[in-house]
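Chemist: Could you have a look at this structure, given as C-alpha cells, before my questions?
The values are calculated or read from the model by the stated rules, or taken from the named source; none is laboratory data. These numbers come from a predicted model, not from an experiment. Because the Cβ atoms are built from the backbone with ideal geometry, glycine has one as well, and the counts that use them run over all protein chains shown. Quick note on the areas: whole protein, heavy atoms, side chains included, nothing else; ligands and nucleic acids left out. Shrake-Rupley method; radii C 1.70, N 1.55, O 1.52, S 1.80 Å.
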Amino acid sequence: MAHALSGAPEDAVALGHQALGSTRVVDSVRHRAGDLTSFLTRRYPRRPEVEGLRDRLAALDADARRSLLAAGPGT
C-alpha cells in the first residue's frame, strides 16, 4: 500500500492488476490485492481504473468460491 500512498493511483492500480494477472494467484495475493483495492476505493472514489480493479478482484473471488463449491464437501 505504500505504493498507493506515494504515487499516482494509476501506478497502484497497475500493481494490483499485475498481482492479479500472475499465473499463480494464491489467497495471500488476493487478500493483499483486496486490501489495496479497499484503500484505493476510499482514497479515490469513483475512479474508473479503481472500479475496474475492484471488479476484477470480485470476479476472481467469485470464481474461487464457485471452484470450492464444485469441488464438493471436504475440500
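Chemist: Which residue is farthest from ALA59 (Cα to Cα), if the candidates are limited to segment 21-33 and must be open to solvent by less than 60 Å² (accessible area, probe 1.4 Å) and at pLDDT 75 or above?
Modeler: VAL29
Chemist: Restricting segment 34-63 to residues that are of a type in the set (Val, Ile, Thr) and open to solvent by less than 40 Å² (accessible area, probe 1.4 Å), which is nearest to ALA8 (Cα to Cα)?
Modeler: It comes out as VAL50.
Chemist: Restricting to segment 1-13, name every residue that is modelled with pLDDT of 70 or more and surrounded by 15 or more Cβ atoms within 10 Å (Cβ to Cβ).
Modeler: PRO9, ALA12, VAL13, listed by residue number.
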